[in-house]
1. Scan the range 328-344 residue by residue and report those that are farther than 18 Å from Gln141 by Cα and β-branched (Val, Ile, Thr).
2. Working carefully through the options Lys313, Lys329, find the one that is assigned by TED's automatic domain parsing to the domain that holds Gln402, touching an Asp or Glu at 6+ places or on another chain (Cβ under 6 Å) and among the basic types (Lys, Arg).
3. Go through the range 46-76 and report how many residues are more than 18 Å from Ala21 (Cβ to Cβ) and over 29 Å from the mean Cα position of the chain (by Cα).
4. What's the total number of residues in the range 451-494 that are among the β-branched types (Val, Ile, Thr) and within 24 Å of the chain's Cα centre (by Cα)?
5. Could you pull out the residue among Ala305, Ala347, Ala325 that is of a type outside the set (Val, Ile, Thr), within 30 Å of Lys370 (Cα to Cα) and in contact (Cβ under 8 Å) with a residue 40 or more places away in the chain?
6. I need the strands (runs of 3 or more DSSP E) fully contained in the range 435-495, keeping only those with at least 2 residues that are crowded, with 21+ Cβ neighbours inside 10 Å.
7. Are any residues in the range 64-119 at pLDDT below 80, acidic (Asp, Glu) and over 26 Å from Lys45 (Cβ atoms), and if so, which ones?
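The values are calculated or read from the model by the stated rules, or taken from the named source; none is laboratory data. This is a predicted model, so every value here is computed, not measured. Positions of Cβ are backbone-derived with ideal geometry, glycine not excepted, and every protein chain shown enters the neighbour counts.
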Amino acid sequence: MDAKVVLSLENITKRYPGVLALNKVSLDFLEGEVHALLGENGAGKSTLIKAVAGAIDIDSGIIKINGQEYHKITPSLSRSLGIEVIYQEFNLVPALSVAENIFLCEKSENSILFSTKEIEKKAVKVLDQFGVSINPRTAIQDLSIAEQQIVEIAKAVSKNVKILIMDEPSAPLSVSEVEMMFKIINQLKNNGVTVIYISHRLEEVFRISDRVSVMRDGCYVATKITKETNRQELINLMVGRELKESYPPRKNPPGEIALEVKNLTGNGDQNISFSVRKGEILGISGLVGAGRTELAQLLFGAAHAEQGEILIKGNPVKIKSPSDAIKHKIGFLTEDRKGQGLFLEMAVKWNIVFPIIKQISKYAVVNTKKEDEIASNFKERINIKTPSLLQQVINLSGGNQQKVVLAKSLAAESDILIFDEPTRGIDVGAKQEIYHLMTELADNGIAILMISSDMQELLGMSDRIIVMCEGELVGEVEKEQFNQNYILDLASGTH
């Protein structure tokens, strides 16, 4: 390619105590290209982009931006050079409005600060590019995860960006929102912006990128022209071994009804009725704002039901709180595992036993022998990769954090599990492990409700799919009727 190199990394090295996070990584990025960056969790991708953004100091190496050499980059210098980063963990102020977050710290041409009216007007203009209707006055804390992601992208696009780094930007988005995002990326590319796109979704990499680079264990492995490679080659480069992508076959057919919902209303949803059987994986499809997570919150008692019935094994139950749900053997693996599913600063074993802490305590003193026994059992059973059960969960990879969330529900002996975006932000190897665990659980008679924005995941893992649109259940699709276009038509309300 004859395109100009706008960002060049030469022998970038970064060490943490006991870990060589980056080992002499050298890589070039071209003007106006979409360059995908792949690798399993722990490969060094996030460390690399933090180095470019000035979020961390490198130990050695050179960062060249438009030919200018830097041995150290600060966040302010990075931004002044036109580099913007959208991290997996959102960098938003929850109490401020959408408009205030998009234009935080920016100045008006005519005064020190923008007026509220001025920034709201500018925010609407930016958000209109996404084809979404988000009120610029709404506080960030009142938005869904997907809406917050859109605000993050809008914030970056609103700047005079030259290099945009996107770390798993599509993870919380549905198919239609991803398409909107791709349009924005193509617009930026046509304007000469370099987009560095980090994703575990290989179908997106082939859709949007011009070149793709692979990292493994802190090292640079290879760069390929996207149209000249294939999925299997990239997977093999990422994991260092041959790994087949697949959805595990099911051994046992579904049994009797485990959970039935009749005319459930509340939390923005209306008159929802469906059932799920023991050993069945029921997929729940819908666009952002369809009410899928809201339904999960109702079932788990995290939101109040205004009317309707929930029956477990044919018996009506009252679920007014998460403790009620846990008592009735319902587990919930939230899409926001870091914000709502885990105590990040606490040890792995504490997180696993937390739902049953009362059962293994006497006179408010935890039976540490029992705690260790239970945590060790689940560490081995679901292959949680951690150097110690005393390790803080924040230090685990995304896939292993998800396994800890799953272990919590299994420790509580859940018969019904709700997975909300079960593979969001985890690599291809960890995905396969999660799929195998879900299949094993279903084969053992556990009823699973799986909310997913990944259409291939829905089609590959589900026995049946219900579709939601604007807080209502608009369709139910049996396995033999599975068709992506049909499901999208239902989800968009056009069918």
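1. Ile330
2. Lys329
3. Our first condition is that a residue be more than 18 Å from Ala21 (Cβ to Cβ); within the range 46-76, this holds for 64-70, 74-76.
The next check asks that each one be over 29 Å from the mean Cα position of the chain (by Cα); those that pass are 64-70.
Here the count works out to 7.
4. Total meeting the criteria: 5.
5. Exactly one of Ala305, Ala347, Ala325 is of a type outside the set (Val, Ile, Thr), within 30 Å of Lys370 (Cα to Cα) and in contact (Cβ under 8 Å) with a residue 40 or more places away in the chain, namely Ala347.
6. Values: elements: 447-451, 464-469, 472-478.
Those strands (runs of 3 or more DSSP E) span 447-451, 464-469.
7. Once the filter is applied, which keeps residues that are at pLDDT below 80, acidic (Asp, Glu) and over 26 Å from Lys45 (Cβ atoms), the range 64-119 yields Glu106, Glu109.
For (1) in contact (Cβ under 8 Å) with a residue 24 or more places away in the chain; (2) closer than 21 Å to Glu280 by Cβ; (3) charged (D, E, K, R); (4) in contact with a Phe, Trp or Tyr (Cβ under 8 Å, 6 or more places away or on another chain), each residue gets a yes or a no:
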site	(1), (2), (3), (4)
Asn400	yes, no, no, no
Ile416	yes, yes, no, no
Gly445	yes, yes, no, no
Leu473	yes, yes, no, yes
